[in-house]
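Colleague: Below is a structure I'd like to ask you about.
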Amino acid sequence: GEMIVLLMSGGPGSGKGTQCEKIVAKYGYTHLSSGDLLRAEVASGSERGKQLQATMQKGELVPLDTVLEMIKEAMIAKADVSKGYLIDGYPREVKQGEEFEKKIGAPALLLYVDAKAETMVKRLMKRGETSGRADDNEETIKKRLDLYYKATEPVIAYYEKSGIVRKVSRNTDRNMLIQSNITSVLSLTP
Ligand SMILES: Nc1ncnc2c1ncn2[C@H]1C[C@H](O)[C@@H](COP(=O)(O)OP(=O)(O)O)O1
Ligand SMILES: [Mg+2]
């Protein structure tokens, strides 16, 4: 049947990657992180990777077609072994959500992690001490945060219209709600 797609959104350093790991451990979804896919391309040393690195270093969004194509390829590569996808870090702007629906399909849920700005900055500065990421420095963090509020938060409102937004919070009862939602979504698929 139709492959389940869950989207995970949240600010830089909100912990969306960590929440994805928990959901994957519990439900066995295929976790695709747009940032990880992009960093793998950068690590490959390809010409495209060099362009991407320059963009990411400035905390800016990479071209829509590039990141969508990479996610699509990663989904296809896992299609025969996947129970469904948990896509982390995409969409980062409403246009990306619209393109995803056109080219791939409609997501079942948009999960998002809420965190205060100062929490995210503190976490990223701390992560920057060991992550070796070119974008975990004060100036770039501010840019990414600014971009999150300007471009990515509207994505939540966009999906609110179809009633598929669920907030992932750390306390269990809310997570129970998320789990029941994921279970019910799962039960929809044969
Ligand atoms: N969907 C997307 N569209 C455009 N650029 C993206 C993207 N996903 C990631 N990027 C680029 C911009 C991000 O600042 C950078 C790192 O992404 P990330 O690893 O998801 O960051 P974080 O997890 O710290 O929020 O890669
Ligand atoms: Mg991440």
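Colleague: Roughly what angle does helix 172-187 make with the longest principal axis of the chain, taking Cα atoms, 0 to 90 degrees, to the nearest 10?
Modeller: For 172-187 against the chain, the angle is about 60 degrees.
Colleague: Continuing with the same structure: For the pairs Lys58/Lys116; Lys58/Lys150; Lys116/Lys143; Lys58/Lys95; Lys102/Lys142, note any where the Cα-Cα span goes beyond 26 Å.
Modeller: Working: Lys58/Lys116 22 Å; Lys58/Lys150 16 Å; Lys116/Lys143 16 Å; Lys58/Lys95 21 Å; Lys102/Lys142 32 Å.
As for pairs spanning more than 26 Å Cα to Cα, those are Lys102/Lys142.
Colleague: Between helix 94-103 and the chain, what is the angle of the helix's C-alpha long axis to the longest principal axis, kept within 0 to 90° and rounded to the nearest 10?
Modeller: Helix 94-103 sits at roughly 50 degrees to that axis.
Colleague: Report, in degrees rounded to the nearest 10, the 0 to 90 angle that the Cα long axis of helix 47-57 makes with the longest principal axis of the chain.
Modeller: Value to nearest ten degrees: 80.
Colleague: Okay, moving on. Hey, rough spin-label estimate for Asn181 and Tyr149, points 7 angstrom out along Cα→Cβ, what's it come to in nanometres?
Modeller: Distance between label points: 2.5 nm.
Colleague: Out of the trypsin sites (Lys or Arg not before Pro) in region 1-109, which ones are loop residues according to DSSP with at most 10 other C-beta atoms within 10 Å?
Modeller: Working: sites: Lys16, Lys22, Lys26, Arg39, Arg48, Lys50, Lys58, Lys72, Lys78, Lys83, Arg92, Lys95, Lys102, Lys103; in loops: Lys58, Lys83, Arg92.
Nothing satisfies the criteria.
Colleague: I would also like to ask the following. Could you tell me which residue out of Tyr159, Ser169, Ala108 lies farthest along the dipole of the chain toward its positive end? Charges go on the beta carbon: Lys and Arg +1, Asp and Glu -1, centred on the Cα centre.
Modeller: With unit charges placed on the Cβ atoms, the residue in question is Ser169.
Colleague: Please compute the Kirkwood hydrodynamic radius over region 1-136, one decimal place, Å, based on all pairs of different Cα atoms.
Modeller: One decimal place: 15.6 Å for the Kirkwood radius.
Colleague: How long are the semi-axes of the equivalent ellipsoid of region 1-43, taking √(5λ) for every eigenvalue λ of the Cα gyration tensor, in whole Å from largest down? List each step's numbers first, then the result.
Modeller: On the way: eigenvalues 75, 43, 20 Å².
Working through the eigenvalues yields semi-axes of 19, 15, 10 Å.
Colleague: Same structure again: If the cut-off is 19 Å between C-alpha atoms, which lysines fall inside it for Lys22, apart from same-chain ones fewer than 8 positions away?
Modeller: Within reach: Lys83, Lys167.
Colleague: Within 10 Å of each residue's Cβ, count the other Cβ atoms and sort Asp80, Asp135 from fewest upward.
Modeller: Asp80, Asp135
Colleague: Now for a separate question. Give me the extension gain from Ala117 to Lys78: residue separation times 0.36 nm, minus the current Cα-Cα distance, reported in nm with one decimal.
Modeller: On the way: separation 39, 0.36 × 39 = 14.04 nm, distance 3.47 nm.
Between Ala117 and Lys78, full extension yields 10.6 nm more.
Colleague: Let me ask you something else. Calculated from DSSP H runs of 4 or more alone, at -39500 (n - 2.57) each and per residue, what is the 222 nm mean residue ellipticity of the chain, nearest 500?
Modeller: Rounded to the nearest 500, the figure is -17500 deg cm²/dmol.
Every number in this text was worked out from the coordinates using simple rules, so none of it is lab data. Not measured: the values here are computed from a predicted model. Cβ coordinates were reconstructed from backbone atoms using ideal geometry, including for glycine residues, and neighbour counts include every protein chain displayed.
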